[in-house]
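The values are calculated or read from the model by the stated rules, or taken from the named source; none is laboratory data. None of these values were measured; they are calculated from a predicted model. Glycine also receives a Cβ, built like all others from the backbone with ideal geometry; neighbour counts cover every protein chain displayed. Keep in mind that these areas ignore ligands, DNA and RNA; they rest on the heavy atoms of the full protein, side chains included. Shrake-Rupley method; radii C 1.70, N 1.55, O 1.52, S 1.80 Å.
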Amino acid sequence: MRTTYLNTLPEHWQPVAAVFAAMGDTTRQRILLLFEPGEELSIKDIAAEFDLGRSTIVHHLAVLEKAGILAVRREGRQALYSVCHHVVLDSLEKLRLFIEEDLQEGAAARPQAEKGTNA
């Protein structure tokens, strides 16, 4: 059992955790699915597609922005959002590497464990 990170996540894992936490909400997933490739959407554009209050949409956009999943560009008083695909891909890649390393360590440990049970 690994107990190293019971109390805190390693610093390099913090952005990954933020992405997955943000993506854990179906409304935020639906917001991301609104965007066409390379498209920028305003709060008004996004809010028009949901049966939710503007403040609720703003909250979801803030969570996505804080996680780095959305970028915001100001044009006068208007905020335009776009998807930062590379942030999500980076988190998925870090998770994939973690799983591959875990599988490799597990495969390497199995023959030793089997030798121990035959003694």
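Okay, here's what the table says:
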| item | result |
| --- | --- |
| L97 accessible area, assembled protein chains, probe 1.4 Å, Å² | 70 Å² |
| Gained length - H86 relative to L6, 0.36 nm times residue gap less alpha-carbon distance | 25.9 nm |
| Accessible area of the range 1-40 belonging to carbon and sulfur atoms, whole % at 1.4 Å probe | 54 percent |
| Relative contact order (percent, whole number), the chain, Cα cutoff 8 Å, 6+ residue spacing | 25 percent |
| Cα pair distances of the range 1-57 binned at 5 Å [whole percent] | 4, 14, 19, 18, 15, 9, 8, 7, 5, 1 |
| Fully extended contour minus Cα-Cα distance, from A48 to W13, at 0.36 nm per residue | 9.1 nm |
| Principal-axis tilt of helix 14-23 within the chain, Cα atoms, nearest 10 degrees | 60 degrees |
| Cubic angstrom per residue, convex hull over Cα atoms of the chain | 143 Å³ |
| Listed peptides 33-42, 16-25 by packing density, highest first (mean Cβ within 10 Å) | 16-25, 33-42 |
| Debye, to nearest 20: dipole size of the chain, +1 on Lys, Arg Cβ, -1 on Asp, Glu Cβ | 300 debye |
| Total charge dipole magnitude, the range 1-52, about the Cα centre, Cβ charges on Lys, Arg, Asp, Glu only, Debye to nearest 20 | 360 debye |
| In Å², nearest 10: area of T26 left accessible to a 1.4 Å probe | 90 Å² |
